[in-house]
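The values are calculated or read from the model by the stated rules, or taken from the named source; none is laboratory data. All figures in this text were calculated on a predicted structure; none of them were measured in a lab. With ideal geometry, Cβ positions are generated from the backbone for all residues, glycine too; neighbour counts draw on all protein chains shown.
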């Protein structure tokens, strides 16, 4: 009997010990992500719940902290404002779920997600949420119980990544604007953003498609339930829009598309739309590093627009007007490099732009290769991007070396290379090679065997990067 009890205890220890260790990794060990961009969510949520008087809450993704100057909006409308947006890859649903417990009588809630299929859906970014909760586990009690399955499924991945940093003895590195230190106490990004830093003045990896088809029906149902819940609390919910870079619009977009999009929302949602969508499409010079992120001047313009719409909806007078800055000029960047013939150019086809060349495909000679390297230049001009499907039909291709000159990798770039295994990213600065973090379609059609190989010294930066972080499942170190 004693032996059987001892055996049972031993078995239980063997089963429970790994679970205890796993639990301790996430909840007990020192926080690793609390100084990253994701670490700001706890501060935003704390401010949301701390304001008991009537308040205005702006809910969305990263366009909110980049585009809504909280202090300026408070001065204009004379009410406390909560800047409650952070990251599209967390999901609109997560922000709405977290906000429920803070809704009070007299509150005004403005919902303004980025114009993208992911943000107009019930997508829930559990990976990003765990990083936001690191060191702030109380956030788990404010999110919806229906998210538990997604959070549980992502927990091991979070613990594994956290342990890597603990074993290395250093926290994730943060770069430039994408750090917790970039926010002020009101959740607005105060990192200096003087002008548009995008090479083409828009991000070609994230084209904005204003089409009612991007709005999921279950998202509409969820929003209506949220609206009813808020109104029972004595609050009022309105719909507005994120800022949009006009150069990033699908070229086939028409005014009729905008009217149809807004009409669909108006017909199906149980709340008022307070903004003219067309007035939230701004010139590219007012953006910073994304098609939804405003620079300093753009944030003033967007905040002013939103203030006028809120004042009109509430029937109040603005306490102040602001002068809208002119479109900031982009300094001329002179490339000091002299590009000569690159032997790899013979394996590719190209199209010319004002900035250099974009790869459109692979030549017959290239399709026989097992290894291809992106050329630095063509016709003595820089090669800086690739079209979707560039490597389609390259059945022999096993490895691709993406050189440091590539600024953008668009969705589906590696689609159709069925035997591809390794994509070597030679650039060590993830901010210098942009990918689409909203759609997740960088890996669309990519071989299931393929992974992005990142230099060991740069892996931490890529794993926590605003754009690249959603692709950690497809990343490994050289």
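Summed over the stretch 236-276, residues that are touching a residue at least 12 places away in the same chain (Cβ under 8 Å) and under 25 Å from residue 197 (Cα atoms) total 11.
Residue check: residue 405 meets all listed conditions (1) closer than 15 Å to residue 446 by Cβ; (2) in a loop (DSSP other than H, G, I, E, B) but one, namely (1). Surrounded by fewer than 18 Cβ atoms within 10 Å (Cβ to Cβ), outside the structural domain of residue 119 (by TED's automatic domain parsing) and either farther than 21 Å from residue 198 by Cβ or touching a residue at least 40 places away in the same chain (Cβ under 8 Å) (or both): which single residue out of 354, 363 fits that description? Residue meeting the stated conditions: 363. Of all residues in the stretch 427-461, those satisfying the criterion of being assigned to a loop (DSSP other than H, G, I, E, B) and within 25 Å of residue 33 (Cα to Cα) are 427, 428, 429, 433, 435, 436, 437, 438, 439, 440, 455. Given the criteria closer than 24 Å to residue 342 by Cβ and outside any loop (DSSP other than H, G, I, E, B), does residue 423 qualify? It is true that residue 423 is closer than 24 Å to residue 342 by Cβ and outside any loop (DSSP other than H, G, I, E, B). When residues in the stretch 269-300 are screened for being surrounded by 23 or more Cβ atoms within 10 Å (Cβ to Cβ) and more than 18 Å from residue 116 (Cα to Cα), 5 of them pass.
When every residue of the stretch 171-194 is checked against the conditions, at least one turns out to be surrounded by fewer than 22 Cβ atoms within 10 Å (Cβ to Cβ) and more than 27 Å from residue 328 (Cα to Cα). Only residues that are surrounded by fewer than 21 Cβ atoms within 10 Å (Cβ to Cβ) and in contact with a helix residue (DSSP H, G or I) (Cβ under 8 Å, 6 or more places away or on another chain) were counted in the stretch 366-375, giving 3.
Residue 327 fulfils the conditions (1) outside the structural domain of residue 208 (by TED's automatic domain parsing); (2) without any contact (Cβ under 8 Å) to a residue 40 or more places away in the chain except for a single criterion, (2). When restricted to residues that are part of a helix (DSSP H, G or I), surrounded by fewer than 22 Cβ atoms within 10 Å (Cβ to Cβ) and touching a strand residue (DSSP E or B) at 6+ places or on another chain (Cβ under 7 Å), the stretch 232-255 contains 1.
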